[in-house]
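Working notes for the structure below.
The values are calculated or read from the model by the stated rules, or taken from the named source; none is laboratory data. Everything numeric here is computed off the predicted structure, so don't read it as measured data. All Cβ positions, glycine included, derive from the backbone under ideal geometry; neighbour counts span all protein chains shown. These accessible areas exclude ligands, DNA and RNA; they are computed on the full protein's heavy atoms, side chains included. Shrake-Rupley method; radii C 1.70, N 1.55, O 1.52, S 1.80 Å.
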Amino acid sequence: MRGVSAVRSGPGTLWQSDESPARCLVLCLSGHPSGLRWLAGSIAARLPGVVYVAGADEDATSAIERASGIARERGLDAGLSAVVAEGDHAEAGVLASRMLPASRLVLVAPPGMPGLEPAGLPTTLLQASQSAADRAGVVELEAAMRRAGVAVRETEYRDIADEWARYPRAVKGSRRALDDLVAFLERGIGQQSTFEVIPGWDLH
């Protein structure tokens with residue numbers, strides 16, 4: 001991707017802008033990390049930070065340790081971190097958001113997590129299709145977060161398939177979903193003022 005560099009970092013890949021100095025860290029978790037090249041590169045290009053995509057065989061604890069090490073090495077603000085978890089890595093993303101700790105959590109196409117204890121989670125964005133196989137589980141996940149006092153927003157895309165992050169060229173509307181994700185991160189770990197966002201999107 002133009003203006004962005006990707007280098008191997010242990011079992012994972014580190015993405016960063018070639019132009020903007022890093023201020024924040026984004027940890028990405030997926031069962032198909034090679035499919036997140038567009039997502040990770042786009043985040044790195046648009047945020048003042050670095051994006052670490054954990055390797056396919058890297059467990060959550062190892063990914064968290066590596067991400068924390070990257071933040072220390074680069075002198076990044078620990079309070080400006082976020083976690084993006086895709087698909088069945090949602091639970092790992094929840095764990096990572098607690099351990100970093102992160103100020104933003106994004107769950108892309110998450111499954112239902114009936115055993116989740118959401119109390120204490122950071123401000124969260126759920127990106128899910130209205131036609132998702134486990135739609136009821138996603139609805140209950142959002143409700144459980146709200147009951148626990150978590151600031152949460154769920155997109156409920158009507159015309160964007162859950163696979164948008166991995167197959168952006170094939171899924172119509174993937175650019176809009178990306179814009180939603182980046183805007184959400186900007187309000188928590190970027191430079192955008194929370195007083196300049198669309199009403200209803202400012203969760204914190």
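Points worth noting:
Listed here are the residues, each with its yes/no results for (1) among the hydroxyl-bearing types (S, T, Y); (2) at pLDDT 90 or above; (3) assigned to a strand (DSSP E or B).
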| residue | (1), (2), (3) |
| --- | --- |
| R2 | no, no, no |
| A6 | no, yes, yes |
| S20 | yes, no, no |
| W38 | no, yes, no |
| G41 | no, yes, no |
| V50 | no, yes, yes |
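- Flag if G115 is out of contact with any strand residue (DSSP E or B) (no Cβ under 8 Å at 6 or more places or on another chain), open to solvent by less than 20 Å² (accessible area, probe 1.4 Å) and without any contact (Cβ under 8 Å) to a residue 24 or more places away in the chain: no
- Pairing residues of region 62-78 that are modelled with pLDDT of 90 or more with residues that are aromatic (F, W, Y) and open to solvent by less than 10 Å² (accessible area, probe 1.4 Å), at Cβ distances under 8 Å and at least 6 apart in sequence or on separate chains, gives A63/Y52; R66/Y52; A67/Y52; I70/Y52.
- Taking the criterion of being open to solvent by less than 70 Å² (accessible area, probe 1.4 Å), more than 15 Å from S97 (Cβ to Cβ) and part of a helix (DSSP H, G or I), the residues of region 55-78 that qualify are S62, G69, I70.
- Residues (among the aliphatic types (A, V, I, L, M) and closer than 14 Å to V108 by Cβ) located in region 169-184: V171, A177, L178, L181, V182
- Subset tally (residues that are buried (at least 18 other Cβ atoms within 10 Å of the Cβ) and in a helix (DSSP H, G or I)) for region 164-179: 5
- Test: residue in region 79-91 that is over 19 Å from G12 (Cα atoms) and not in a helix (DSSP H, G or I): yes
- For region 127-149, the candidate set comprises residues that are in a loop (DSSP other than H, G, I, E, B) and either out of contact with any Pro (no Cβ under 7 Å at 6 or more places or on another chain) or under 19 Å from A183 (Cβ atoms) (or both); within that set, the residue that is least open to solvent (accessible area, probe 1.4 Å) is A128.
- Across region 3-22, the qualifying residues are those that are in contact with a helix residue (DSSP H, G or I) (Cβ under 8 Å, 6 or more places away or on another chain) and over 12 Å from E58 (Cβ atoms), and the one among them that is surrounded by the fewest Cβ atoms within 10 Å (Cβ to Cβ) is G3.
- Pick from region 32-54, criterion touching a residue at least 24 places away in the same chain (Cβ under 8 Å) and open to solvent by 30 Å² or more (accessible area, probe 1.4 Å), ranking: farthest from A6 (Cα to Cα): H32
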